[in-house]
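Written out below as structure tokens is the structure these notes cover.
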Amino acid sequence: MTNTNFTPRVFSGVKPSGGLTLGNYLGAIKRFVGMQGQMETVYCVVDMHAITVWQDPKELSNMTREVAAGYLAAGLDPTRSILFNQSQVSAHAELGWIFNCVARVGWMNRMTQFKDKAGSNAEKQSLGLYAYPALMAADILLYHATHVPVGDDQKQHVELTRDIAAKFNHDFGRDFFPLTEPVIEGPAMRIMNLRDGTKKMSKSGESDMERINMTDDADKIAKKFKKAKTDPEPLPETVDGLKDRPEARNLVDIYAALNDVTPEAVIAEYPGAGWGKFKPALADLAVEKLAPMSAEMSRFMDDPAEIDRILADGAAKARAIADPILRDTYDIVGMLRS
Ligand code: AQP
């Protein structure tokens, strides 16, 4: 089967499990915005994924709006993209259940993100955290999405989505679901923690100093970059010199992604520069790019009713695509609808 049978369509999402980070922005949201107009784009605030770990109910609603505000402030246009929150389209949960019955336990056991998040405490995690990749497959395949822009950490889950689609198609003898392509490109695919360049920058990381939040002000951004861990060497003369220097590599990648240039171009601009020169330049660039978005986010957050209206409108548009696909899935599986 080829995906040429399917209308090109993008789907992706962000969990409202905390404030948006520079990793979420550069690895996902900025690229979501860039794909508008290239094909049909469907973007989601995946609140059902957020509750795989405990979320305070009031905070969850607030964060759902904040993530939506982040999308809008970054340039997502609700007249060109569908923007909604997952729990308003119940078909996600319904297809998620079907996929729980398609995916194999052995496949889930290989998911490195569960292992990372659960650590040595797997027995105490929610069943939802373990099953989450099957729901993610449902999010994507409910729209017959052909392309999913994600950061590198989600690559394995998109591969699992392909496995689920292929097994469903094989088991039921139908070319019904596309084999979705992950879109993972550019220097920002894995923005790392500012205090440990071997760990991903995450919303839920322990210390706020590990991450840049989309809402951080200029002082905070400057302070966090100033305190970011580095090695004692200055920047190298060529990009090869960043090998085995995860913290240096990360700061160069962040600069490159913010400025829409390659890491090579950054090194060419700052060959042999010391951190005393590079870090303030990076902080200035981050403030230049993030400050207007942060201001726009607070403008949206001052009008929650408008965010809710945009999400409700997006949910209606999402249902118009998702419901017929779910109905066809039920028919293929043999669910009686009388
Ligand atoms: N550090 C990162 N670098 C590049 N891309 C990233 N993404 C997340 N962190 C980075 C991308 O952002 C999108 C949304 O991710 P998510 O919120 O749904 O889940 P996540 O990957 O688990 O994000 P966090 O920030 O690490 O959340 P918590 O701490 O709550 O688990 C995805 O495309 C992801 O690749």
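Test of understanding: what is the full-extension gain from Arg104 to Asp244, defined as 0.36 nm times their sequence separation minus their Cα-Cα distance?
Result: 46.7 nm gained on full extension.
Grab the Cα-Cα distance for Lys226 and Arg299, subtract it from 0.36 nm times how many residues apart they are, and report the gain in nm with one decimal.
Working: separation 73, 0.36 × 73 = 26.28 nm, distance 2.88 nm.
Full extension from Lys226 to Arg299 adds 23.4 nm.
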Pick from Arg162, Arg245, Arg190: which residue has the top mean-square fluctuation in a GNM of the chain where Cα pairs under 10 Å get a spring? Arg245
Rounded to the nearest 500, what is the chain's calculated 222 nm mean residue ellipticity when only DSSP H runs of at least 4 contribute -39500 (n - 2.57) each, over all residues? -16000 deg cm²/dmol
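In percent, what relative contact order does region 1-157 have, based on Cα pairs under 8 Å that are 6 or more apart in sequence? Spell out each step's value before the answer.
Details: 189 pairs, mean separation 55.7, N = 157.
Relative contact order here is 35 percent.
Expressed in nm to one decimal, what extension gain is obtained for the pair Ala281 and Asp208 from 0.36 nm per residue of sequence separation less their Cα-Cα distance? Don't skip to the end; give the middle numbers.
On the way: separation 73, 0.36 × 73 = 26.28 nm, distance 2.12 nm.
Result for the pair: 24.2 nm of gain on full extension.
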J(HN,Hα) series, region 261-272, from Karplus relation 6.51 cos²θ - 1.76 cosθ + 1.60, nearest Hz, glycine and proline x: 10, 8, x, 4, 5, 5, 5, 5, 7, 10, x, x
Scan region 234-303 for trypsin sites (Lys or Arg not before Pro) in coil per DSSP, keeping those whose Cβ has at most 14 other Cβ atoms within 10 Å, and list them by number. Lys243
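Among Val105, Val53, which comes first, second and so on when ranked by fewest other beta-carbon atoms within 10 Å? Mind showing how you got there, number by number?
On the way: Val105 7, Val53 14.
In increasing order of surrounding Cβ atoms, one gets Val105, Val53.
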I'm a student and want to see the number: the projected area of the Cα convex hull of region 208-299, averaged over all directions, in nm². 5.6 nm²
Cα-based Lys proximity count in region 208-299, under 23 Å, for pairs eight or more positions apart or on separate chains: 26
Return Cys44, Cys101 ranked ascending by Cβ neighbour count within 10 Å, so the fewest neighbours appear first. Cys101, Cys44
Please state, to two decimals, what the Cα-based radius of gyration of region 251-333 comes to when divided by 2.2 N^0.38 Å (N = residues). 1.87
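Count the net charge of all other residues whose Cβ sits under 12 Å from the Cβ of Pro236, scoring Lys and Arg as +1 and Asp and Glu as -1. The partial results should precede the final answer.
On the way: positive: Lys243, Arg245, Arg249; negative: Asp231, Glu233, Glu237, Asp240, Asp244, Glu264.
Here the count lands on -3.
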Can you list the HN-Hα couplings for region 244-251, worked out from phi with the Karplus curve (6.51, -1.76, 1.60; θ = phi - 60°), rounded to whole Hz and with x for Gly and Pro? 6, 10, x, 6, 5, 4, 4, 5
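Kirkwood Rh over Cα pairs of the chain into Stokes-Einstein at 10 °C, 1.306 mPa s: D in µm²/s? Don't skip to the answer; put the middle values down first.
Details: Rh = 20.9 Å.
Using the Kirkwood radius from Cα pairs, D works out to 76 µm²/s.
Note down the magnitude of the dipole of region 208-299 about its Cα centre, charges +1 on Lys and Arg C-beta and -1 on Asp and Glu C-beta and zero elsewhere, to the nearest 20 debye.
Details: 14 positive and 18 negative charges, 70 e Å.
It works out to roughly 340 debye.
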Which lysines does Lys317 reach when only Cα atoms under 25 Å apart count, and residues fewer than 8 places away in its own chain are ignored? Lys15, Lys30
Two-site label geometry, Ala166 and Val261: point separation in nm, points 7 Å out along Cα→Cβ: 4.1 nm
Please give the direction-averaged projected area of the C-alpha convex hull for region 43-111, in square nanometres with one decimal. 6.1 nm²
Compare the Cα positions of Leu242, Ile221, Val261 along the charge dipole of region 208-299 (+1 at Cβ of Lys, Arg; -1 at Cβ of Asp, Glu; about the Cα centre) and return the one farthest towards the positive end. Ile221
Determine the dipole magnitude for the chain: charges of +1 sit on the beta-carbon of Lys and Arg, -1 on that of Asp and Glu, nothing else is charged, the reference point is the Cα centre, and the result goes in debye to the nearest 20. 520 debye
Post the alpha-carbon centroid distance, region 166-209 to region 134-162, in whole angstrom. 8 Å
Everything considered on the Cα gyration tensor (a ≥ b ≥ c; rounded for a/c under 1.5, else prolate if a/b is larger than b/c, else oblate), region 1-132 must be described as oblate
Relative exposure of Tyr143, Tyr330, judged by other C-beta atoms within 10 Å (fewest first): Tyr330, Tyr143
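Read-outs: derived from the displayed coordinates by stated rules, not from any lab. Since this is a predicted model, take the numbers as computed values, not measurements. Using ideal geometry, Cβ is built from the backbone for each residue, glycine included, and neighbour counts are taken over all protein chains shown.
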